[in-house]
Amino acid sequence: MRKLTMHVTGAAICVLSACALAPATALAQPAPPAAAVSRDDEGRGDNARATQLYREGNEAFKQKRWADAELLYLKAWALVRTFDVAANLGEVQIQLNKARSAATFLAFALRTAPPSTKPEQIARIRHFLDEAKAQVGTLRVRVKNAADAEVLVDGERVPEDAAKHEVYVEPGERTLVIRRAGYEDETLKVVAAPGITETVMPELKPKAAEAALAGAAGQGPAGAKAPEVGGATGAAATGEAKTKAPAVGMRAGTGAEEPRSWVPVIALGVASAVGLTVGVTTTVLSTNARASADKDEEALRYANGQCIEPPSDLTQHCRELRHEAKRAEGFGTASVVSYAASGALAIAAAAYALWPRRPPSASHGLRVLPRTHAGGGGVLVVGAW
C-alpha cells in the first residue's frame, strides 16, 4: 500500500484557518465554520468535491463524530492538500489517539500556513503538534552526501516532503533504510523515545563500477575464419572461377533490379501506428484509473479501514475502490497488448522492406561446393531447375 505523499496543491479549497476548530482541549475555541470557497472553485472538479467533503467533515466535527470526520477529511485531502484540511485532520486524529499521523499532518499545516493566518490560529496548531510529539519519537535525517536520498522506516517509504523536515515514528526500536541510485543502501537501527528528537547523519557509499563484459557474444576461436562459399576454393572445385552469379535482388541475365511492391509496407505501417495510438490511449486511461484508486486507497488507509469485511459506512468506498482498480487493470492489459501488436507490425514492415529477395534462376543444373568451418568441413549440393 502506498505511503501518503505530502505536497502543496496550487489551488486552495478554502480560506478557513484550521486553528478555529474546537475539540475538547485546553485551548477551547468555537466549532469549525464551513469552508469559504469561491464560486469558480465550486465549479472545478476536484476542488468542488473536496469542498463538499470538507464541509461534511466540519459537521461531523461539531457533533464529535471523530471517525466520520477523519474519513471525510482524508477524502478531501486525497483530492486537494491544503494546510486547513491538514490541521483539522491532525486535530481529529489526536482525539482518535493516532499521534504519529496527527503529528505529520499538523507539521504540514504549520509549514504551509499562509501569511494571513492569525497568530492565535498558528498557536493552536503548534499546541496540538506539541501534544502529538510528546507521544512519539522524532527523527531528523540529514544525509551528508545525498540530500535527496530516499528514507524508509520499518520498510515504509517516508514522503519526500516529510523526510526533508521531521519524521515521526512510534516509540521503540525502528529500522531506517537510506537509499539513492548509485549508492549502497545504508541500514540503521534507532531507538525512538516519546518527546525526544534525534538527528541521524549518515554518509552513503558509492557503488563499485561494474566490470566490462569480456569479448563479443557468439565470437568463435581467435584466428579461425571459414572461407566464403563460392569463393576461390569453391570456384576451383567446379571450374567456374570466372563465372559470377547475379547479385541478389537483380533480374538474372539483365542486371536490372526487380520491382518491389510497397503496399504491404504501407499497410503494416498504418496498422502499427493504430496499435501505438491505442496503446497510448489505454495507458492514459489506466494511469487515471490507478490514480483515482490510489486516492481512495490512501483515504481508507488513514482511516484504518479495510475492504475484506468492510463496515457498513465503508461499503460504498470499498466498492468504488474495487471498480477503479479493475478499470486500471483492464486498461493496463489492453495497453500492453496494443504495444506488442504495434511492435510486431512495425518489425514485419521493416523485414518486408529490407529483406533481400531471391532472384529468378536463369540456369539449370547441379553444383557441388566444399564447405569448411572451424569445427570441421563438408559438402554443399546446390540444384536449380
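The values are calculated or read from the model by the stated rules, or taken from the named source; none is laboratory data. Computed from a predicted structure; not experimentally measured. In this analysis, Cβ positions are derived from the backbone assuming ideal geometry, glycine residues included, and neighbour counts consider all displayed protein chains. Side chains included, ligands, DNA and RNA excluded: accessible areas come from the protein's heavy atoms. Shrake-Rupley method; radii C 1.70, N 1.55, O 1.52, S 1.80 Å.
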(request) Mind putting together the pair-distance distribution for segment 116-190? All Cα pairs, 5 Å bins, whole percent per bin, short to long. (result) 3, 14, 22, 21, 14, 11, 8, 5, 2, 0
(request) Report the accessible area of Asp154, computed with a 1.4 Å probe over the heavy atoms of all protein chains in place, in Å² rounded to the nearest 10. (result) 80 Å²
(request) Tell me the label-point distance for the pair His165, Arg140, using the 7 Å Cα-to-Cβ offset, in nm and rounded to one decimal. (result) 1.4 nm
(message) Take Thr281 and Ile266, extend 7 Å from each Cα along the Cα→Cβ direction, and tell me the distance between the two endpoints in nm.
(response) 2.4 nm
(message) Test of understanding: what is the full-extension gain from Thr199 to Lys118, defined as 0.36 nm times their sequence separation minus their Cα-Cα distance?
(response) 26.0 nm
(request) Go through segment 53-69 residue by residue and turn each phi into a ³J(HN,Hα) via Karplus (6.51, -1.76, 1.60, θ = phi - 60°); whole Hz please, and just put x for glycine and proline. (result) 5, 5, 5, 5, x, 4, 5, 5, 4, 4, 8, 6, 8, 4, 5, 5, 4
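Mind ranking Trp355, Trp66 by accessible surface for me, highest first, 1.4 Å probe?
Trp355, Trp66
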(message) Which log10 I(q)/I(0) values does segment 36-168 give at q = 0.18, 0.19, 0.20 Å⁻¹ under the Debye formula, counting every alpha carbon as one identical point scatterer?
(response) -1.06, -1.14, -1.21
(request) Just grab the label-to-label distance for Val274 and Glu150, each label 7 Å out from Cα along the Cβ direction, in nm (one decimal). (result) 4.0 nm
